[in-house]
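As structure tokens, the structure follows; a few thoughts come after it.
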């Protein structure tokens, strides 16, 4: 989905200032904050959408300036998208994303997880859902070992698969024997 | 990283994944396994080792099983060759432990099903399905009852267990299945396809506790009389008629069978064979239901599930016969295509569990009833 962006620019009256955890201030158009349920509720509660109300900077203690920058990029891209509805989530294992999203989320996994946490904190459902799908696409179709690498999971299981049975090496089994798997007897040539 | 996310994020990611992804995630670490356990709670009731497709499946009551993983050994079979040749990356592996043995498997993915195939050495081909099965039960937090579906021709690849809870067997060789049944303990239900082989009345097959026989072309009156288990269900027999029902009922009434709980026969709707209700009851000293002598609803003692178009355990208003020697009551229900014989060992059973439910996806859009918990 894509939307044409009108050429209007935000005016000072319809901005609020948010402050990241490292103290950097960001000027946010109120229109952009509609995508964040957390910010939208805050603005509504403090009536920051009224021009006659003094707007104090909003501290976002859980979000760094780098994350805030990234989030603003998302909000600006989706500024004129229709409001996200809960039933827009389609749980699927076929993963296709628009090119902009793929480029936007072409970031290391640790940054992606931090961004997901930020999207969860600010309650930006479209971003949250998109990151979850991207994360799922990086897990699906992988072996346990590959998943461990992707998600940086350190195994805490003594056996690879827990069966409750004491470990005793099978002396006749050699791991090398499986390094090159081959059908036995060898399959006939096709 | 995933494990440090809020639950909502974890669950949203997991919802996008397939069962085999959950399985592999569950073997990564104890914390990951706990996450999968929590996520999978109440989603599946049981697991099935399916030797027709060499898949381990997860099953929810009323639904078909869903494939989780396949297994294959290096032993050559034509289907293995296709699976083997369609894979180019043999660098992925996983280790299982079963009966003190370390089973190292290579992993490939099925080209159309998309599920992983775990390849093991030929000597572990019977252990591997059990090892995967126990792992799946552990990871998905389901009861480790052992359910196996297999064709007797694949007996050499039968999982390494001699105790089974529920089993579905296809077999054309009576001797082979009799030999098999002598060597395994079946704790609950057995479903059998025996083809057209002839069965002697002293066959061990007629001693199965809870048996469902599909298309028993061999079925004759003597088999009904000689059944030594608790529950029997014969679907689509071709040679059983009204006189056979009468003889079976009279034999039970005059005999001392203290074990039989229920015997059900379902005829094929498309065959001309029919039961004659009036003729049956002419020969019996049957009495209408007396609510003071037995409950209205029969309690089935087995977990075997079968679907009917009606709530088949409802015996209110049905006719009963009484065995003079011990006063035991049995309800006899005869319809054109169905025969039900329920013995009331407990006249007023607790029927608070095992109630019927309507199947969510019934054949031809007609609601069906199934017993389950």
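The values are calculated or read from the model by the stated rules, or taken from the named source; none is laboratory data. Quantities reported herein were computed from a predicted structural model and do not represent experimental measurements. Neighbour counts are summed over all protein chains in view; Cβ atoms, including those assigned to glycine, are modelled from backbone coordinates with ideal geometry.
Here are the numbers:
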item: Condition broken by residue B:46, with the remaining ones in (1) surrounded by fewer than 19 Cβ atoms within 10 Å (Cβ to Cβ); (2) away from chain A (no Cβ under 12 Å); (3) closer than 28 Å to residue B:164 by Cβ satisfied; result: (1)
item: The lone exception for residue A:51 - which of (1) at pLDDT 85 or above; (2) in a loop (DSSP other than H, G, I, E, B); (3) in contact with a helix residue (DSSP H, G or I) (Cβ under 6 Å, 6 or more places away or on another chain) it fails; result: (1)
item: Some residue of the range B:194-205 being outside any loop (DSSP other than H, G, I, E, B), over 22 Å from residue B:331 (Cα atoms) and touching a residue at least 12 places away in the same chain (Cβ under 8 Å); result: yes
item: Residue list for the range A:105-146, filter: surrounded by fewer than 19 Cβ atoms within 10 Å (Cβ to Cβ), over 24 Å from residue A:43 (Cβ atoms) and more than 9 Å from every other protein chain (Cβ to nearest Cβ); result: A:106, A:107, A:108, A:111, A:138
item: Candidate set from the range B:80-131 (those that are assigned to a loop (DSSP other than H, G, I, E, B), under 27 Å from the mean Cα position of the chain (by Cα) and at the interface with chain A (Cβ under 9 Å from one of its Cβ atoms)); member that is modelled with the lowest pLDDT; result: B:99
item: Condition broken by residue B:155, with the remaining ones in (1) closer than 25 Å to residue B:232 by Cα; (2) within 17 Å of the chain's Cα centre (by Cα) satisfied; result: (2)
item: Hey, residue B:56 modelled with pLDDT of 85 or more, assigned to a strand (DSSP E or B) and more than 26 Å from residue B:17 (Cα to Cα) or not; result: no
item: Some residue of the range B:64-73 being surrounded by 15 or more Cβ atoms within 10 Å (Cβ to Cβ), facing chain A (nearest Cβ under 10 Å) and at pLDDT below 90; result: yes
item: Some residue of the range B:1-13 being in contact with a strand residue (DSSP E or B) (Cβ under 8 Å, 6 or more places away or on another chain) and either in contact (Cβ under 8 Å) with a residue 24 or more places away in the chain or under 14 Å from residue B:118 (Cα atoms) (or both); result: no
item: The range B:19-50: number of residues that are within 17 Å of residue B:145 (Cβ to Cβ) and either touching a helix residue (DSSP H, G or I) at 6+ places or on another chain (Cβ under 6 Å) or in a loop (DSSP other than H, G, I, E, B) (or both); result: 6
item: The range B:335-373: number of residues that are in contact with a strand residue (DSSP E or B) (Cβ under 9 Å, 6 or more places away or on another chain) and at pLDDT 80 or above; result: 10
item: Checking residue B:112 against (1) surrounded by fewer than 16 Cβ atoms within 10 Å (Cβ to Cβ); (2) under 14 Å from residue B:159 (Cβ atoms), the condition it does not meet; result: (2)
